[in-house]
Every structure is written in C-alpha cells, then in structure tokens.
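Only the coordinates and a few stated rules stand behind these numbers; no lab work does. Predicted model, so just to flag it, every value in this text is computed and none were measured. As a convention, Cβ positions derive from the backbone with ideal geometry for all residues, glycine included, and neighbour counts pool all protein chains shown.
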Amino acid sequence: MMTNMGVLDGVFRFTVGVALLAWSYGRIGPVMSDMGSWLLWIAGAVLALTGLFRHCPLYAYFKIDSCAIYPKDDEE
C-alpha cells in the first residue's frame, strides 16, 4: 500500500484523531451522549489510522496525492 498523504497531513490527522478519541472517552471536553460518543470514536479512529498509515482511501479514489513534491513526475 503506497502512501498518498504528506507528513504534515498525516501528523495533523493523527493528532486530531487522538483528540477525538480522548473526547469520546470523556477524558477532555464536555461529556457527550452515547450516540455522540460513538460517532466521535469512529471519526477519531478513522482519522488516527489514516494519519498513522498515511493512506487515505478517498485520496486514492479521487487520485489526490499530497506527499508528491512534483506530481507530474509521478505520472511517467
């Protein structure tokens, strides 16, 4: 599996994902309802995993590559 997101994008997604996971467990921020907690957990897990592996399925579907410095050179 090739990476399709840059380091900065991956770090940002991982950080936001971990923050959402902490919020869903009630460690930070206001307490959420059960449904809100589950939605935050799912969003946090998806963001943390895509940031950790630096691969986003939506980027692959739309052929977006944020880690390439010169995207035209990769098409050869």
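Quick notes on this structure:
- Residue-span extension gain [residue 61 to residue 12] - 0.36 nm each, minus C-alpha spacing: 15.6 nm
- Label selected from (i) 47; (ii) 38; (iii) 35, the criterion being percent of Cα pairs over 18 Å apart as computed here: (i)
- Neighbour net charge for residue 49 - beta-carbon separation under 15 angstrom, K R +1, D E -1: +1
- Degrees separating the helix 34-53 axis from the principal Cα axis of the chain, which is the longest one: 30 degrees
- Using C-alpha pairs under 8 Å with a sequence gap of at least 6, the mean separation divided by the residue count of the range 7-65 gives a relative contact order of 44 percent.
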